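One structure is given below, encoded as structure tokens.
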Amino acid sequence: MKIPPQAIDIEESIVGSMMLDAECVDVAMEALSADDFYSPDLRRVYKAVSGLVARGKPVDMMTVEQEMKKSDYQTNIADLARNMVSPDTCRHYCQIVKEKAMLRSMILACNQAMERSYELDADVYQVADDLFTSVTKGVNVSGGTLHDIVDTMTAVTQEIEQINKEGKPLGIGTGLDIDDILHGFQRGKLYIIGARPSMGKTALVMTMMREMAVKGIKNGIISLETSHNNLGVRLASQVSGIPAEHLMSGQMTNDEIERYNKACQEIVSYGIYIDDASGVTIQQLHSKCSQMVRKGVKIIFIDFLTLIKSTGRSRHEEVGEVSKTCKNIAKEMNIPIVLLSQDRKS
């Protein structure tokens, strides 16, 4: 049996610091929960400190010791207090403890999935989806969310100065008139393009992607309706000027073949990624976006909303759940996400 990932010495330093420094209490309680501690003893001490804070009581060695006695449990508080560290070090230590807890959580999720996989009636897709949800549940931990207004305005000023220096918005331009309204697609924002079926939504997106690629902006599309081959045909048609139907007719002239080959040479230089999986869940959506971002993609298009599987019981709940997920992904990964939408009944 292997010992689960843990860092007991660091856990001791965290709870020891909490009893001697109020700032360390704030740092630890923002970053950790009791379940993140591997040591049962230290978990109890953390719960005791949390109980005192919740009731507005002072936190020190004496109050924590008295709190521990209420649950008929005692530990050597003085020994823990010898491991005090600074708030900055405490913050770093909390990250280490959190990561160890996340690793233990992933091990548990994988073991549970393995056990379920042996069941005769195991649903492979459900097991895989549950495993993905469990593994990623605690991984995407946000950084600090408390910002001094001085830091905020410094960042805003730098951004405005850069915009004025370049004479154009920082958003990703589409090459279309819509740039005058949106000032380009902004990082961390979700945009929704809605229209009835066969109104040219995908064609519009392909035009945008091509314009961005020509400017050296890597982009990607998660296409739940159209295969990557069909999207490739559309791109080839746009670049070559040959109708898509004619490209697939088998009756291209020598001139058209030459134009097509030239268009292909241009297209393969684009930084475009296509994911044409079907039946994608909102959990899988996060993973697919993350994979694209690791490839250097700066903006992601999703075609389209109602083909993403969600847990909503009504159409209103489904749209809300998918939209919220996409917005969170855009904010977390600091990229624009453009979500196409149409009524599935139309």
task: Kindly provide the set of residues from region 205-232 that are buried (at least 16 other Cβ atoms within 10 Å of the Cβ) and either on the phi > 0 side of the Ramachandran plot or assigned to a strand (DSSP E or B) (or both), ordered by number.
output: Asn219, Gly220, Ile221, Ile222, Ser223
- request: Give region 309-336 a look and list any residue that's within 17 Å of Ala195 (Cα to Cα) and of a type in the set (A, V, I, L, M, F, W, C), or say none.
  value: Val319
query: Could we say that Thr207 is in contact (Cβ under 8 Å) with a residue 40 or more places away in the chain and β-branched (Val, Ile, Thr) here?
result: no
field: Residues located in region 239-277, provided they are loosely packed, with under 12 Cβ neighbours inside 10 Å and among the β-branched types (Val, Ile, Thr)
entry: Thr253, Val268
field: Condition check for Ile257: β-branched (Val, Ile, Thr) and modelled with pLDDT of 90 or more
entry: yes
task: For Met292, state whether it is buried (at least 20 other Cβ atoms within 10 Å of the Cβ), under 21 Å from the mean Cα position of the chain (by Cα) and assigned to a helix (DSSP H, G or I).
output: yes
query: Within region 233-259, can you find the residues that are closer than 28 Å to Lys298 by Cβ, in contact (Cβ under 8 Å) with a residue 12 or more places away in the chain and assigned to a helix (DSSP H, G or I)?
result: Val233, Arg234, Leu235, Ala236, Gln238, Val239, Ser240
message: Can you list residue pairs whose Cβ atoms sit under 7 Å apart, with the first residue in region 38-58 being touching a residue at least 40 places away in the same chain (Cβ under 8 Å) and the second being buried (at least 19 other Cβ atoms within 10 Å of the Cβ)? Count only pairs 6 or more apart in sequence or on different chains.
response: Tyr38/Glu11; Tyr38/Lys100
message: If Gln162 meets every condition in (1) touching a residue at least 24 places away in the same chain (Cβ under 8 Å); (2) in a helix (DSSP H, G or I) apart from one, which number is that one?
response: (1)
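Could you check how many residues of region 177-198 are part of a loop (DSSP other than H, G, I, E, B), surrounded by 13 or more Cβ atoms within 10 Å (Cβ to Cβ) and either on the phi < 0 side of the Ramachandran plot or in contact (Cβ under 8 Å) with a residue 40 or more places away in the chain (or both)?
Total meeting the criteria: 6.
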Odd one out for His286, checked against (1) more than 19 Å from Ser323 (Cβ to Cβ); (2) buried (at least 17 other Cβ atoms within 10 Å of the Cβ): (1)
- prompt: Does Gln74 satisfy being surrounded by fewer than 18 Cβ atoms within 10 Å (Cβ to Cβ) and assigned to a helix (DSSP H, G or I)?
  reply: no
- request: Please go through region 116-137 and pick out each residue that is exposed (fewer than 11 other Cβ atoms within 10 Å of the Cβ) and either farther than 14 Å from Lys309 by Cβ or in contact with a strand residue (DSSP E or B) (Cβ under 7 Å, 6 or more places away or on another chain) (or both).
  value: Tyr118, Glu119, Leu120, Asp121, Val124
- prompt: From the list Lys324, Lys262, which residue is outside the structural domain of Asp129 (by TED's automatic domain parsing), basic (Lys, Arg), within 23 Å of Asp129 (Cβ to Cβ) and without any contact (Cβ under 8 Å) to a residue 24 or more places away in the chain?
  reply: Lys324
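The values are calculated or read from the model by the stated rules, or taken from the named source; none is laboratory data. These figures come from a predicted structure and were not determined experimentally. Every residue, glycine as well, gets a Cβ built from its backbone with ideal geometry; the counts of neighbours run over all protein chains shown.
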